[in-house]
Amino acid sequence: MIKIYLLGVFLITLFTSCTKEGIKVDPDNLLIGIWNYSDYKDDVSIFIRSQEFTDNHCYKFNPGGTLIERKNSGWCGTPPISYADYQGTWEILHDTLMLINVGYWDGLISYKLDIESVSSDSLKVITLQ
């Protein structure tokens, strides 16, 4: 009886310790988190929420208005492309318009993103200069 009990405890411990944590979503601000580029359709860039960056264009929006943008690390966009992470800031100007100030391989850049939609798993934006 004790062996069955110990086996049961072992199996429960094994299965509960191996579960993968889901992506945490801030219900008060769906923008907060990591977004990896997924697609481009009708002038809209589509990003999907993730737990970590991929080797592609990505954003990590932090609370308090800071961000990390992963993008080309040099002027050449011909594959193979090397990526780097650049520190920056973000702020909502009004409604769906966001201002991004961020480093890039040649200095600093400012641009605006018009948020078409944001949900717990998808971010759709149009880049404005």
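Tabulated values for the structure
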item: G88 among the small types (G, A, S) and more than 24 Å from V118 (Cα to Cα); result: no
item: Some residue of segment 8-19 being part of a loop (DSSP other than H, G, I, E, B), modelled with pLDDT under 50 and surrounded by fewer than 16 Cβ atoms within 10 Å (Cβ to Cβ); result: yes
item: Among residues of segment 110-129, those that are exposed (fewer than 15 other Cβ atoms within 10 Å of the Cβ), assigned to a strand (DSSP E or B) and without any contact (Cβ under 8 Å) to a residue 40 or more places away in the chain, counted; result: 5
item: Qualifying residue in segment 107-117 (condition: under 14 Å from the mean Cα position of the chain (by Cα) and of a type in the set (K, R)); result: no
item: Output for segment 66-81, where each listed residue is surrounded by 10 or more Cβ atoms within 10 Å (Cβ to Cβ) and among the small types (G, A, S); result: S73, G74
item: Residue under evaluation E52, criteria (1) in contact (Cβ under 8 Å) with a residue 12 or more places away in the chain; (2) outside any loop (DSSP other than H, G, I, E, B); (3) among the charged types (D, E, K, R), criterion not met; result: (2)
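Each row is one residue, and each column tells you yes or no for (1) small (G, A, S); (2) assigned to a loop (DSSP other than H, G, I, E, B).
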site	(1), (2)
D28	no, yes
Y59	no, no
K71	no, no
W75	no, yes
G88	yes, no
L93	no, no
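The values are calculated or read from the model by the stated rules, or taken from the named source; none is laboratory data. All of these numbers come straight from a predicted model, not from anything done at the bench. Heads up, the Cβs are rebuilt from the backbone with ideal geometry, glycines too, and the neighbour counts pull from every protein chain shown.
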